[in-house]
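The values are calculated or read from the model by the stated rules, or taken from the named source; none is laboratory data. If you're wondering where the values come from, they're calculated on a predicted model, not measured in any experiment. Every residue, glycine among them, receives a Cβ derived from its backbone with ideal geometry; neighbour counts consider all protein chains shown.
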Amino acid sequence: MKLNTFTLTLDTDGIALLTWDMASRSMNVITLEVMDELEKVIEHVVVTPEIKGCIITSGKDSFSGGADLTMLQQISSGYEERVKTQGKELAMAYLFEGSRRLSVLYRKLETCGKPFAAAIHGTCLGGAFELALACHYRVLSDSDKTRIGLPEIKVGLFPGAGGTQRVARLMQTGDALQMLFKGEQIKPAAAKAAGLVHETASREDMIARAKAWMLGNPNAKAPWDMEGYKLPSNKVYSPAGMMIWPPANAIYRRETSDNYPAAKAILQSVYEGLQLPMDLALKVESRYFLNILRSKEASMMIRSLFISKGELEKGARRPAGVPDNIFKTIGIIGAGFMGAGIAYVSALAGLNIVLLDRDLEAAEKGKAYSHKLMSDQIMKGRAKSADRDALLARIKTTSDYKDLKKCDLIVEAVFEERSIKADVVKQAEAVIGKNVVFASNTSTLPITSLAENSSRPEQFIGIHFFSPVDKMLLVEVIVGEKTGDKAIAAALDFVRIIKKTPIVVNDCRGFFANRCVLNYIREGHLMLSEGVPPAMIENVAKMAGMPVGPLSLNDEIAIDLAWKILQATKKDLGKKAVDPQSEAVLDFMVVKHERLGRKNGKGFYDYPEGKGAKKLWPGLSDLQPKKLDADTLNVSEMKQRFLVVQALEAARTVEEGVITDMREADVGSILGFGFAPFTGGAISYIDGMGTTVFTALCKKFTKTYGNRFKPNALLVEMAKTNESFYGRFAKDAKKAA
Ligand code: NAD
């Protein structure tokens, strides 16, 4: 049989080995061709008497990342055209069959009458793990690199090729729902303990194990196709089921605020599917899947969190023609909170670090942070002590600038003070190589002005990390007026090596992320002054899709920092540039009550020592001469205020040329400050409702709440024709449509 994406061999025992290895790709993915060939193979196995069964494995270092999401999007995008030519009913039928092809194919494999097994090494995710679930036997390699999982929820989808049905028939319902909701990757031992796979074995042994099973089980059937099969958590309508479903519904609402249709579809598919025989259950799952595939949330999330994020990570914004940088040693100046974190992520990526501070003790303190983080990993079983030793050996501490001599890149993270930064630039440039790029991690000082201290401003750039550095995925690369392509390429190469997602932003006060997020925090302050109950401010923000409320967030980043930024803005730009109400709230907290946030245990919340949960500070009441009754407040308008005030700032950054690529605004807003991911990001939020509606909303809010909601000229112009940001600005309009 001629196959492109697989090879099929038969051994003398009659066991076929189907090896998946797509020549054109570094990772196997499910494409139309893969589906066609898998179908051919199943049919061939069934009609060939010499074949007793078939083991599916991968010829690559990983099994597969799952379905090609762009293919899934294409399936749903042909609908409108077909409606025109064939009518709605036929178009929908076509779409339904197309979107469930994988599900039908896997069921065909499962019921073909001959045993199939999967022997899996490396990553096996999404549609690929659904393939394994449809096999009658699953062996995982016990390697550190092996992970299984169904992460579809992370891009607004859900496992629609039988995943919800098979997982819920293998595991207790509660565990199955958790797995589907979280989309986490699961290690071999945990997968075995959960009953998701039958066996773990060494990579070398896994095919032999699958074969041994197969030779003893010539007529394999899935458990749910056998007489007497019982659901792991008993029937849905049973006393046990009643213990599961009402809380499951409540947990779903608590975790999603009903913002994620895919999460709801998981609940519905499992709830309805478990009451039906498998074939019908799969059909129910397929119906929900098509709905989700066509949802705005899925298309926005796929675009931002899968396609755009992937493109940015692969260097979409890297200047063409600059050769790849080979970095061996990175110099980090300032071993405080941020410098220590940057040293850790860089050393983790295998780079050598020279960590410099004012004295050796301070530098050692910074290095100790890496010791702590690695020790935490060891405690969690994610690293070995040899890994920690090796990582620490890569970090050299010093207080002597001469040690920076051989560094290939410098990242500065000293105090946020112009004079100190200027001095550091001079000292470093006196020793480093002529072509070495110097990056500042400043959070507020414009890069163009800092570059004035450099004798090579074209090699001066901002690399703005977010805290905590080891957890936050985004890095803003800030381009000053004189920054050259070589420096941009160097910054992007570095960010790629340390496995973060970069966005390239032109220089301005607050850059991109902080500008938007400070507006969110300020909206929380203003609601407080208006008399909105503090708990309601926090909860409604989460209902809008933000990961934490504005008051909590301000506590985390420090209230005195927000106060300092406000004072600096006032000093530089004048009184009108800051909101007097927000200033009054910050004065009250910082100056009057020394409530600085989590760092001193006192902020908008009280942080009890020990393990007690934080509680909103009762003293906030003194900030509210007028107190509004929660029942009279318009929750949907409050939710919109939180998102609109950030999205509007994003629109301003586009008009000012700070953001030039819409993908970066969207990815940056989700990864940088958690902007409601289901919207696809701050710009997709505007495009999603249309610039006409968004601008009208801004105008309405301007009347009620003030000029901070005034739409900028660009928006007003675009609103006239409901022009979208992606339509107007995307480099590749077709890709973004
Ligand atoms: P920090 O106070 O924790 O650390 C600063 C470190 O710089 C200290 O260890 C200090 O000893 C050292 N230092 C000061 N002067 C020095 C000199 N002349 N030579 C060598 N070392 C010197 O501060 P941080 O929070 O790590 O912030 C550092 C930089 O990162 C600032 O520019 C800040 O704006 C920026 N930043 C901070 C955050 C954040 O959340 N903290 C986020 C993004 C960016």
(message) Quick check on the range 446-464: of everything there that is of a type in the set (S, T, Y) and in a loop (DSSP other than H, G, I, E, B), which residue is nearest to the ligand (Cβ to nearest atom)?
(response) S454
(message) So if I check each of R652, R595, which one is crowded, with 18+ Cβ neighbours inside 10 Å, of a type in the set (K, R) and closer than 23 Å to E530 by Cβ?
(response) R595
(message) I need the full set of residues from the range 575-608 which are over 18 Å from P550 (Cβ atoms) and within 32 Å of the chain's Cα centre (by Cα), in order please.
(response) N600, G601, P608
(request) Among the residues of the range 59-109, count how many are of a type in the set (F, W, Y) and either assigned to a loop (DSSP other than H, G, I, E, B) or modelled with pLDDT under 85 (or both). (result) 2
(message) For the structure I just gave you, tell me whether A647 is surrounded by fewer than 19 Cβ atoms within 10 Å (Cβ to Cβ) and of a type in the set (G, A, S).
(response) no
(request) Any chance you could count how many residues in the range 412-435 are of a type in the set (A, V, I, L, M, F, W, C) and either closer than 19 Å to V475 by Cβ or without any contact (Cβ under 8 Å) to a residue 12 or more places away in the chain (or both)? (result) 3
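Go through the range 165-216 and give me each residue that's among the polar types (S, T, N, Q) and either free of Cβ contacts under 8 Å to residues at least 24 places away in the same chain or not in a helix (DSSP H, G or I) (or both).
Answer for the range 165-216, where residues must be among the polar types (S, T, N, Q) and either free of Cβ contacts under 8 Å to residues at least 24 places away in the same chain or not in a helix (DSSP H, G or I) (or both): Q172, Q178, Q185, T200, S202.
Scan the range 270-289 for residues that are part of a helix (DSSP H, G or I) and either of a type in the set (S, T, N, Q) or buried (at least 22 other Cβ atoms within 10 Å of the Cβ) (or both) and jot them down.
V270, G273, A281, L282, E285, S286, Y288, F289 - these are the residues of the range 270-289 that are part of a helix (DSSP H, G or I) and either of a type in the set (S, T, N, Q) or buried (at least 22 other Cβ atoms within 10 Å of the Cβ) (or both).
For the range 217-228, what are the residues that are in contact (Cβ under 8 Å) with a residue 40 or more places away in the chain and either within 14 Å of V139 (Cβ to Cβ) or over 38 Å from the mean Cα position of the chain (by Cα) (or both)?
Correct list: N217, P218, N219, A220.
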(message) Can you pull out every residue in the range 431-445 that is among the hydrophobic types (A, V, I, L, M, F, W, C) and more than 10 Å from the ligand (Cβ to nearest atom)?
(response) V431, I432, V436, V437, F438, A439
(message) I'd like the residue in the range 12-54 that is touching a residue at least 40 places away in the same chain (Cβ under 8 Å) and acidic (D, E) and, out of all such residues, is nearest to V104 (Cα to Cα).
(response) E39
(request) Taking D400 as meeting all but one of (1) surrounded by fewer than 21 Cβ atoms within 10 Å (Cβ to Cβ); (2) more than 16 Å from the ligand (Cβ to nearest atom), write down the number of the exception. (result) (2)
(message) So in the range 507-529, with the set limited to residues that are crowded, with 21+ Cβ neighbours inside 10 Å and of a type in the set (G, A, S), which one is farthest from V540 (Cα to Cα)?
(response) A513
(request) Looking for whichever is crowded, with 17+ Cβ neighbours inside 10 Å and outside any helix (DSSP H, G or I) here; the options are S467, S443. Which one fits? (result) S443
(request) For residues that are assigned to a loop (DSSP other than H, G, I, E, B) and of a type in the set (G, A, S), scanning just the range 350-384, find the one that is farthest from the ligand (Cβ to nearest atom). (result) G381
(request) Please find, among A490, A513, A535, A428, the residue that is over 24 Å from L648 (Cβ atoms) and either within 12 Å of the ligand (Cβ to nearest atom) or in contact with a Pro (Cβ under 8 Å, 6 or more places away or on another chain) (or both). (result) A428
(request) Give V540, V504 a once-over and let me know the one that is more than 16 Å from the ligand (Cβ to nearest atom), assigned to a strand (DSSP E or B) and buried (at least 19 other Cβ atoms within 10 Å of the Cβ). (result) V504
(message) Among the residues of the range 331-346, are any in contact with a Lys or Arg (Cβ under 9 Å, 6 or more places away or on another chain) and away from the ligand (no atom under 16 Å from the Cβ)?
(response) no
